[in-house]
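The values are calculated or read from the model by the stated rules, or taken from the named source; none is laboratory data. On a predicted model such as this, the values are computed, not experimentally measured, just so you know. Virtual Cβ from ideal backbone geometry, glycine too; neighbours counted across all protein chains shown. Surface accessibility is based on the protein's heavy atoms, side chains included, excluding ligands, DNA and RNA. Shrake-Rupley method; radii C 1.70, N 1.55, O 1.52, S 1.80 Å.
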Amino acid sequence: MIFKRKGKILLGVFLAMSLLVFGASCSDDEDDDPSITINGASTVEAGSEITLTATKNNFSSTINWSVATGGDYATIKEASDTSCVITGVAAGTATIRAAAAGVSRDWQITVTGSSTGGTGVYADFYNYPTGKQNSTGTLTLKNQVNSKVLVFTDSVAPANYIGTIPAQETIKVKLTAGKFYNIVAVQQSVYEENPELAAQTSKLAYYSDTQAYTVSVSPDNLTGSATWIFNNNTNYWVSVEHVDNSGETYAVIAPNAKRVSVPVQTNNTYPYKLVYKKELKYNNMTIAVAEKTAMAENDEASFYNLTTFTTHINGTATENDDDLAPCVQFINNTGKTIRVYNGQRQLTDAGIATDDYTLASGITAYFTAFTAETSSTSLNVSSVAWTGAQSCTENVTFQKGKVYVVTAAPNTDSTTSATNPVSWTVVEKTASEFYEE
């Protein structure tokens, strides 16, 4: 009896040890899979920073950091392979993602602190008086008038406030990257008297974490005795421009924006055209806006004996890209920092308003300021390293619904490189083919 009990005990010990060994073997197999471990704080105050660190498990490739959700509440200030500095922007929740080797790990961050800081007329302003000013921002805003201006995105709404610019000064702001913004400026003193009559100046801007832009914001009319109201019922950006093609823009209306008020003068008539522009995406990133040529509409707004006039924007179009104005994907492989021109007109990336725009070597830009029948030979580039402008030597006629991939590279022909240092290639693609890549 005792022997049998011992046998049962020994058998039980053997089975237990076998299970332990088998379990350990399974666990080791699972541990061989790549994974990421994140450490750091889970809360940060608006305006403050925290650092997250990542540990690589069973892989060596570089970790990429991104804000997966909540980009309006937190941003990535800087990131390396295994660490990431997060800046709290406004009260809310954001998800930070670290990804590599086919795996990812999310880290949720709660941003604390009030997103408003003003009193009186500024009580509901976002983070007043700082807004989204940030010395590391890549968008520089210049005030060219002799009084303070308040700056917003898309419309003069307290939640859209991004900063105050003193007279004749500049600020830098940091916004969510890879998006278009309508930069709206109003004179501060007029806004304080009557927000609804504060004249607006609108400039379409694109924000990138890697490319710097400069936009001048200067109200053209400091007061208005009438109000022009726009309701945009489309999914397009709409530029309200003078019909004389002078470039004068009355307003830029964001997609589906309602009751956008633009102060104007009574006893005046404003002949205008509506220019519809579609956001374009490439590799899952919004890169440009291009005119939908088939949607142009001309009209006139008269303010004789009227103090209010409302324009409803109801344009419709098929979703194909056949009527898109020609676009250029420009690849700078010259080894030089250059400026790009269409004839005498300097081009700016993404089809936005900006001051002097330079394109570093190795960078790709997207230009949309072209009309059908333009020749690629009108493209030219300049650099301090060259004498004179270098014109495109490839002759291709631009057409609607097309994208032209233009590459500028060093001319390796020793017999001509002294006078023509740039070699050009132009490849035509259909817009639908290009934007589906």
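Quick check for you: with a 1.4 Å probe and neighbouring chains kept, what is the accessible area per residue of region 337-403, in Å²?
For region 337-403, the solvent-accessible area averages 46 Å² per residue.
In Å, what Kirkwood hydrodynamic radius results for region 78-152 from the alpha-carbon pair distances?
That comes to 15.6 Å for region 78-152.
Summarise the accessible area of region 305-437 (1.4 Å probe, protein heavy atoms) by the percent that is carbon and sulfur.
Answer for region 305-437 is 46 percent, counting heavy atoms of protein chains only.
When a/c is below 1.5 the answer is rounded, else prolate if a/b is larger than b/c, else oblate, so apply that to region 325-437 with a ≥ b ≥ c taken from the square roots of the Cα gyration tensor eigenvalues.
Prolate shape, in that a/c is at least 1.5 and a/b is the bigger ratio.
Based on the alpha-carbon gyration tensor of region 123-278 and its eigenvalue square roots a ≥ b ≥ c, which shape applies: rounded if a/c is under 1.5, prolate if not and a/b is larger than b/c, or oblate?
oblate
Tell me, what is the 1.4 Å probe accessible area of Lys258, in Å² to the nearest 10?
About 100 Å², rounded to the nearest 10.
Can you tell me the relative contact order of region 368-437? Whole percent, Cα pairs under 8 Å, sequence separation 6 or more.
It comes to 29 percent, rounded to a whole number.
So how exposed is Arg345, as accessible area in Å² (1.4 Å probe, rounded to 10)?
Its heavy atoms expose roughly 150 Å² to the probe.
So what is the relative contact order for region 71-113, in percent, with contacts set as C-alpha pairs under 8 Å and at least six apart?
The value is 34 percent.
Could you give the C-alpha radius of gyration of region 112-195 expressed as a fraction of 2.2 N^0.38 Å, taking N as the number of residues it contains?
1.03
How much accessible surface area, in Å² rounded to 10, belongs to the heavy atoms of His312 with a 1.4 Å probe?
Number for this one is 110 Å².
Each residue of region 35-40 in turn: what ³J(HN,Hα) in whole Hz from Karplus with 6.51, -1.76, 1.60 and θ = phi - 60°, glycine and Pro shown as x?
Couplings: 7, 10, 10, 10, 10, x Hz.
With a cut-off of 8 Å between alpha carbons and a minimum separation of six or more residues, what is the relative contact order of region 49-123 in percent? Don't jump to the answer; show the numbers that get you there.
Values: 142 pairs, mean separation 21.5, N = 75.
That works out to 29 percent.
Would you mind telling me the share, in percent, of accessible area of region 51-131 contributed by carbon and sulfur at probe 1.4 angstrom?
Working: 1680 of 3810 Å².
The nonpolar share, carbon plus sulfur, comes to 44 percent.
Where nothing but the Cβ of Lys and Arg (+1) and of Asp and Glu (-1) is charged, how large is the charge dipole of region 31-162 around its Cα centre, in debye to the nearest 20?
500 debye
What is the magnitude of the charge dipole of region 61-131 about its Cα centre, with +1 placed on the Cβ of each Lys and Arg, -1 on the Cβ of each Asp and Glu, and no other charges, expressed in debye to the nearest 20?
100 debye
Can you work out ³J(HN,Hα) from phi for every residue in region 365-379, in order, using Karplus 6.51 cos²θ - 1.76 cosθ + 1.60 and θ = phi - 60°, giving whole Hz and x for Gly and Pro?
Each residue's phi maps through the Karplus curve to give 10, 10, 10, 10, 8, 10, 10, 4, 6, 5, 8, 4, 5, 6, 6 Hz.
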